[in-house]
Amino acid sequence: MTAFWLAAAVLLLAALAFLLIPLLRGRRAQAEEDRTALNVALYQERIAELEAQYLAGALDKPQLEAGRAEAARELLADAEQGEGAHRSLGRWLPLALAVLVPAVGLGLYLHWGASDALRLREQLAVAPKNMDEVIERLEETVRLQPDQAEAWYFLGRSYMAQQRPQDAAPAFARAAELAGRQPELLGQWAQALYFAAGQKFTAEVRSLSEEALQADPREVTTLGLLGIAAFEEQRYADAMGYWQRLVAVLEPNDPSRQAIEGGIARAREQLVARGEPLPKAPKAAAAAVELKVKVSLAPELAGKVRPDDSLFVFARAASGPPMPLAAKRLKVSDLPVEVSLSDADAMMPQLKLSNFAEIQLVARISRAGSPMAGEWIGQSGVLKTAEAGAQALVIDTAEQK
């Protein structure tokens, strides 16, 4: 912000100079010219009158010369008086303009300007120190850009990480409103409502969960939530079925797998103790996906980017959540570069490339270091995930603000 205000001050001084210098010079020149012309006309009229009186014999030679001398003194005195009056006018007018122009400019900027957005942009260029700072920046982002679905989603996730489901639920609701009722967003929303209600499976939670699974039977957050709710209600066969479906779509090294398998084991024990049949295990999940993406910069942009500008390469669902499925962060100095995007690069365990049939690849350059907005972008069309193979992206388009 300091650099911005210094630049604004320099521009303001330049504007005042362009405004006041011609104005003062013009007024002074015009006033001086008009008054001088009037004084000279009066002087010439007086001289002509004296000469007429001399020719008529009313004045002798010494009286004529004395009259001429008196007229000259009056001309000089009028000129000095006019100069003094002009100086008096010039004292307050430039001062008034010098005060009013900055005041009006500052008022207009505070009303229509974007100082908050500029401050946020500077903050995003620095890595956050802790989760509280992450949440503070996300809250500022959604305040300034309330239509950004990704920011609302990550704000909800951050609230959940801090055990604040009451705050997370409206954030997920807003993300779903902006990005569409995608199953992943509905699952997160339902989970937040469940914990916000004291782990009660309310009618709203049930409705959101059913809607999510109808759109995507493998939506992991919803499967986990329904398993928990069924276990709490002692519907152990249902709980075991939901969790088995969940394990089937998780990666072998997923950190949550052990806890879910433990829940399945406890549900199985309860079913055996009751003498009830065990549900069948679902089929294995689809094979993991890996994409090779060659990223380059259009030659005409070489002079418009900086080597230390951030470069984000990511894949997102063609029809699904707005947040990236898999992403890599590099620098412009790394271009041209080939990156690999796979399920191992998933932003969240439940959002993997292999879970989506169609994707879009994006490469974005951001001077502020934000993956959600930048200056230049390159993107592919809609691709079949299983057939994507090796792809090439050229960053060649100015991103719309």
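Computed from the coordinates by the stated procedures, all read-outs in this text should not be read as laboratory data. Note that this is a predicted model, so its numbers are computed, not measured. Don't worry about glycine lacking a Cβ; one is built from the backbone with ideal geometry, like all the others, and counts go over all protein chains shown.
Quick notes on this structure:
- Straight-line cross-link reach from Lys61 at under 29 Å between alpha-carbon atoms covers no lysines, not counting any fewer than eight positions away in the same chain.
- Over 21 Å between alpha carbons, listed pairs Lys129/Lys294; Lys292/Lys331; Lys328/Lys352: Lys129/Lys294
- Summarising the label geometry, the points placed 7 Å from Cα in the beta-carbon direction at Glu251 and Ala357 lie 2.5 nm from one another.
- Net +/- balance of residues flanking Pro255 in space, Cβ distance below 15 Å, scoring K and R +1, D and E -1: -2
- Pairs of Cα atoms farther than 19 Å apart, the range 155-227, %: 23
- Once the C-beta distance of Ala265 and Ser340 is scaled by a Förster radius of 35 Å, the resulting FRET efficiency is 0.45 to the nearest 0.05.
- Inter-probe distance in nm under a simple model that places probes 7 Å from Cα toward Cβ, at Arg73 and Gln44: 2.5
- Stokes-Einstein D for the range 242-401, Kirkwood Rh over Cα pairs, 10 °C, 1.306 mPa s (µm²/s): 90
- q = 0.11, 0.12, 0.16, 0.19 Å⁻¹: log10 I(q)/I(0) that the Debye formula gives for the range 127-274, counting C-alpha atoms only: -0.46, -0.54, -0.89, -1.14
- Residues within the reach of a label modelled at Ala318 (point 7 angstrom out along Cα to beta-carbon, backbone nitrogen below 11 Å), restricted to the range 344-378, are 357-361.
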